[in-house]
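As structure tokens, the structure follows; a few thoughts come after it.
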Amino acid sequence: MTLHDLGAEVRRLRETTEPAAVGLPSGGRRARGVRREELAELAGVSADYVRRLEQGRRHPSAAVVNALARALRVGPAEYERLCALAGYAAAHGPVPREAGPVAMRLVERFADTPVFLCDLAWNVVAVNGAWMALGPGASNRQPRDWNVAWRTFSKAHQQISRSDDDAAAFRATLVRRLHSASLRHPGDESLAGLVDELRTTSRPFDELWRAPGKAAGSWTRAVFRHPGAGDIALDGNLLDVPGDNLLAVVLTAAPGSADADRLSEVVASATGPAVIRVGQPGPG
């Protein structure tokens, strides 16, 4: 197998893909399939790169192969063939969404600190009692109420606010991590549906998705509006939980600050379970 075989397969898939099947208008076309420029935009590469790839003059990275596969919404067999032609092992399966005993124990140990666990698609899978006492839990009125990215870009959560700079950095981190997850799990229909919905309903998300750049970091700051204690400014750290492929968000207040006192007061009033598993896609 050569790069020319890979290029021919990419071109075949592009030309046999119905534009409507990947969210593109189908009218006014002189040639069948998806245009090079359209595939390039969907996959996050340049049109010249796609042209050279189809000519057998580029060897794509595994991430680019995944991006092309997801952009064209290929089936498992075609995805495996693309990976084989490029010399990579195919990644199978959806985003892991189960929190194992170690991850759950981690959340439980932070009894005085609000913590929640997310999967790679930003679905909250577990929260602790301190988080629930803080008051930003989802309402369950929308199917995606427990998805951090959806809550952030739909501006559905009025109890949490950020400065312009902190909000921009947090949004960039959300999209960068979501983009990475979509490349690692191109066959996850739920993840693909979330991305498509956000790109359709949120222009800021779509702009970041087209040029995700580098993740802004693993830290964010937000103000939580508690109905009893008032505003509480907290720093959020994002911690990877490798064993379960999850992300832990840990919220702390500056030591000795009024925010720390208010947080302690709120957490002390918690009466619910130490840890709660979340059954549907989080708070943002």
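Tally Lys and Arg at +1 and Asp and Glu at -1 over the other residues with C-beta under 12 Å from the C-beta of Ser190: what net charge comes out? Each step should come with its number before you reach the end.
Details: positive: Arg97, Arg144; negative: Asp119, Asp188, Glu189, Asp196, Glu197.
Neighbour charge sum, excluding Ser190 itself: -3.
Could you list which residues have their amide H under 5 Å from that of Leu246, counting only those 5 or more apart in sequence or on another chain, with H placed in the peptide plane?
Here Val241 satisfy the definition.
Viscosity 1.306 mPa s, temperature 10 °C: Stokes-Einstein D of the chain from its Kirkwood Cα radius, in µm² per second? Before the final figure, lay out the partial values.
Numbers: Rh = 20.4 Å.
Using the Kirkwood radius from Cα pairs, D works out to 78 µm²/s.
Using just the helices of the chain, give the 222 nm mean residue ellipticity in deg cm²/dmol: DSSP H runs with n ≥ 4 each add -39,500 (n - 2.57), and the total is spread over all residues, rounded to 500. List each step's numbers first, then the result.
Values: 12 runs with 126 residues, N = 284.
Counting only the DSSP helices, I get -13000 deg cm²/dmol.
Between Arg35 and Ala254, what is the spin-label point distance in nm, taking each point 7 Å from the Cα along the Cα→C-beta axis?
Distance between label points: 5.3 nm.
Can you put Leu106, Leu24 in order of Cβ neighbours within 10 angstrom, beginning with the fewest?
Values: Leu106 22, Leu24 16.
So the residues, fewest neighbours to most, are Leu24, Leu106.
Give me the percent relative contact order of segment 3-86, please, defined on Cα pairs under 8 angstrom at least 6 residues apart. Display every interim value, and only then the final one.
Working: 97 pairs, mean separation 32.0, N = 84.
38 percent.
Taking the Cβ of each residue in Thr220, Thr200 as the centre, tally the other Cβ atoms inside 10 Å and list the residues starting with the fewest.
Details: Thr220 21, Thr200 11.
Taking fewest neighbouring Cβ atoms as first place, the list is Thr200, Thr220.
Since every read-out is calculated from the coordinates, none of them should be taken as a lab result. This one's a predicted model, so the numbers in the text were calculated from it and none came from an experiment. With ideal geometry, Cβ positions are generated from the backbone for all residues, glycine too; neighbour counts draw on all protein chains shown.
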